[in-house]
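> Encoded as structure tokens, here's the structure I'll be asking about.
The values are calculated or read from the model by the stated rules, or taken from the named source; none is laboratory data. As the structure is a prediction and not an experimental result, all values here were calculated from the model. Methodologically, a virtual Cβ is constructed for each residue, glycine included, from the backbone with ideal geometry; neighbour enumeration extends over all protein chains shown. Ligands, DNA and RNA are stripped out before the accessible areas are found, and what is left, the full protein with its side chains, is counted by its heavy atoms. Shrake-Rupley method; radii C 1.70, N 1.55, O 1.52, S 1.80 Å.
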Amino acid sequence: MQKRILSYDLNDPICALATPWGTSALAVIRTSGEGSIELISKIFSKPESLKRGKGGRLYHGFLVSRETREPIDEVMIALFRAPHSYTGEDSVEIYCHGSLPGIRSILEALRSIGFRPAEPGEFTYRAFIHGKMDLTRAEAVHEIVTSKTQKAHLLALHRLEGALERTLQNIRSTLLDLQTSIEIQLDYPEEDAPAVPISSNSIQECISAIDRLLQTYREGKLYQEGVQIALAGRTNVGKSSLFNRFLREERSIVSEIHGTTRDYIEATVSIGGIPVKLYDTAGLRTALDPIEAEGVKRSLSLIESCALVLFLIDCTEPNLTEEEEGFIGRLGNRLLRVYTKIDLRKDWYNAPEAQVCPGVSALTGEGFDRLLKQIESRLKEGFHGGTEEVLIESDRQKELLERCKHALVRFQEGIDRNLPLDIVAMDIQDALQAMGELTGEITTEEMLARMFSRFCVGK
Ligand SMILES: Nc1nc2c(ncn2[C@@H]2O[C@H](COP(=O)(O)OP(=O)(O)OP(=O)(O)O)[C@@H](O)[C@H]2O)c(=O)[nH]1
Ligand SMILES: [Mg+2]
């Protein structure tokens, strides 16, 4: 399955629905490949205007059946001529009505004139093959489409604009200069060039630049993949009420009866641009019946997998049992104690707990914004100010950057130990190899197949 994308002929004209399969006002069907404009003109009501049409323009008309010339749909057609298209090939986008039967008829008509369905990511794959973008930008395309928050979307957009590519190209050109000067020395050892005209500074700069990128990895991943956070605590402390406030809707059942929530409930929210899967769990107590006991058991195993656990404590009953203390002790640095129902305690802000922990009222909303800020800063702990515009997100990018860095560190050590130049030259070669794989200048079929098969069809 993974390799299929590469076994297809790049010259095949391809087509795919680029919008979701479902009823909508409009839908977009994308096509690309040599001859695609001539092919589509066979089923367009004004074939000549398409055939002679300029790229980057829209054409209005009807798609018609090739045999009967019966209309299929009224459409707008966007025409792109190679190389000025997303894929770098001749390409036609069809804006049609978003009815499923209509879309099916258009796709069938396209197949009847020689288009085949595109594989996942095949449009972007073609763009890469035709030099329209490097691999870091191709990855950014996927990240944009799958981003869960506006912040993640924006960060991926920076990568698409080539911010990461430019940083990598700077490193690469320094390494190429270095390689050239080493090669000159190896080829003309008799020339009285300085023994090692290799600037340790430039190597150090490359290593630092790579380090800065590596440090952004956890943050990039956080924005792209998000985290899981659980609301936990005794029964009736207000977990479901707070959960509903996060969601701004009455999703979870709230009542004064202890043990209301049994099955845990999940929802996705954005906290400071980070996609968070938030869980409302069953209140922790010795359950009264087997169903509640099962709910508590499931909640406990869920809490195990959460990056952060908000342990809620009713501020009117702030003393914890030994068992509860033991439980939160085991959470280690995943714990954030939160006091609830602060509207019920007039002297809350003078209470000793208030000096160290956030307090919130799900009822009035008091303290909620501060709680959000606190969660955000806990999730971002250890990040560098968060102002970095170039973030890396993919495991692939991280592994290759590490490989490059290790090669440069080896190189520097080799220079320090006065190792022969032809030996240290191999380290620079390794570093350049890793860089090349990062941007896609050096690729293997397997790697490309793995990468593009993650994409959706039509992208
Ligand atoms: N005054 C006040 N009452 C609250 C607040 N939060 C929750 N309550 C009340 O406390 C009771 C329990 O709230 P829930 O949100 O159901 O508590 P829970 O922790 O989900 O309870 P279980 O599902 O039984 O574990 C309800 O009667 C809520 O109206 C608050 O901030 N202020
Ligand atoms: Mg509840």
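> If DNA, RNA and ligands are ignored and the probe is 1.4 Å, what is the ranking of 76, 133 by accessible area, most exposed first? Can you show the working numbers first?
Values: 76 70, 133 25 Å².
The residues order as 76, 133, largest area first.
> Hey, what number do you get for the chain at 222 nm if only DSSP H runs of n ≥ 4 count, each worth -39500 (n - 2.57), divided across all residues, to the nearest 500?
Values: 18 runs with 208 residues, N = 459.
It lands at -14000 deg cm²/dmol.
> Starting at the first residue of segment 69-79, write each ³J(HN,Hα) from the Karplus equation 6.51 cos²θ - 1.76 cosθ + 1.60 with θ = phi - 60°, in whole Hz, x for Gly and Pro.
6, 5, x, 9, 6, 8, 9, 10, 10, 9, 10
> While we're here: Positive end of the charge dipole of the chain (Lys, Arg +1 and Asp, Glu -1 on Cβ, about the Cα centre): tell me which of 276, 371, 264 has its Cα farthest that way.
264
> So how exposed is residue 316, as accessible area in Å² (1.4 Å probe, rounded to 10)?
Counting only protein heavy atoms, residue 316 exposes about 70 Å² to solvent.
> Could you give each residue of segment 287-302 its phi-based ³J(HN,Hα) in whole Hz, using Karplus coefficients 6.51, -1.76, 1.60 with θ = phi - 60°, and x for Gly or Pro?
5, 7, 9, x, 5, 4, 4, 5, x, 5, 4, 5, 4, 5, 6, 5
> Could you give the distance between the Cα centres of segment 329-382 and segment 235-300, to the whole Å?
17 Å
> Give, rounded to the nearest 20 debye, the magnitude of the charge dipole that segment 4-134 has about its Cα centre when Lys and Arg contribute +1 at Cβ and Asp and Glu contribute -1 at Cβ.
Numbers: 16 positive and 16 negative charges, 53 e Å.
Using Cβ point charges on Lys, Arg, Asp and Glu, segment 4-134 gives about 260 debye.
> Further question on the same structure: Taking the Cα centre of the chain as the origin, how large is its charge dipole in debye, to the nearest 20, when only Lys and Arg (+1) and Asp and Glu (-1) carry charge on their Cβ atoms? Working shown, then result.
Details: 55 positive and 68 negative charges, 353 e Å.
With only Lys, Arg, Asp and Glu charged at Cβ, the dipole is about 1700 debye.
> Next question, about the same structure. Mean separation of Cα pairs under 8 Å and 6+ residues apart, divided by the residue count of the chain: what relative contact order is that in percent?
On the way: 775 pairs, mean separation 80.0, N = 459.
In percent, rounded to a whole number, it is 17.
> Search the structure for amide H atoms under 5 Å from the amide H of residue 98, placed 1.01 Å from N in the peptide plane, and list their residues when 5 or more places away or on another chain.
24, 26, 27
> Quick one: of 132/380; 277/373; 148/459; 46/459, which pairs are farther than 26 Å apart, Cα to Cα? Walk me through the intermediate numbers first.
On the way: 132/380 35 Å; 277/373 17 Å; 148/459 17 Å; 46/459 28 Å.
In this structure, 132/380; 46/459 exceed 26 Å between Cα atoms.
> Could I ask something else about it? As a test question: what accessible area, to the nearest 10 Å², does residue 86 have when a 1.4 Å probe is rolled over all protein chains in place?
Accessible area, nearest 10 Å²: 70 Å².
> Shifting gears a bit: Please give the contour-minus-distance gain from residue 183 to residue 25: 0.36 nm per residue of separation, less the Cα-Cα distance, rounded to one decimal in nm. Write down the numbers at each step before the final one.
Details: separation 158, 0.36 × 158 = 56.88 nm, distance 6.15 nm.
Net length gain for the segment: 50.7 nm.
> Would you work out if segment 225-379 is rounded, prolate or oblate? Take a ≥ b ≥ c from the square roots of the eigenvalues of the alpha-carbon gyration tensor; rounded if a/c is under 1.5, else prolate when a/b is larger than b/c, oblate otherwise. Working shown, then result.
Values: a/c = 1.31, a/b = 1.10, b/c = 1.20.
Taking the square roots of the gyration eigenvalues as a ≥ b ≥ c, segment 225-379 is rounded.
> Name the residues whose placed amide hydrogens come within less than 5 Å of the amide hydrogen of residue 457, ignoring near sequence neighbours (fewer than 5 apart) on the same chain.
121
> With only Lys, Arg, Asp and Glu charged, each at its Cβ (+1 for the first two, -1 for the last two), find how big the charge dipole of segment 225-379 is about the Cα centre; round to the nearest 20 debye.
On the way: 19 positive and 23 negative charges, 71 e Å.
Using only the charged Cβ atoms, the result is roughly 340 debye.
> Could you sort 376, 393, 323, 381 by their accessible area in this structure, using a 1.4 Å probe and putting the largest first?
Working: 376 40, 393 15, 323 145, 381 110 Å².
Per-residue accessible area, sorted high to low, gives 323, 381, 376, 393.
> Okay, moving on. HN-Hα J couplings of segment 441-448 from phi, Karplus 6.51/-1.76/1.60, θ = phi - 60°, integer Hz, Gly and Pro as x?
For segment 441-448, the Karplus curve yields 5, 10, 9, 10, 4, 4, 4, 5 Hz.
> Next question. Compare 442, 103 by solvent-accessible area with a 1.4 Å probe and give them largest first, with all protein chains kept in place. Present the calculation step by step, with values, prior to reporting the outcome.
On the way: 442 60, 103 0 Å².
These residues rank, largest area first, as 442, 103.
> Near the amide H of residue 443, under 5 Å away, which other amide H atoms are found, from residues 5 or more places off or on another chain, if H is placed in the peptide plane?
Sorted by chain and number, the residues that satisfy this come to none at all.
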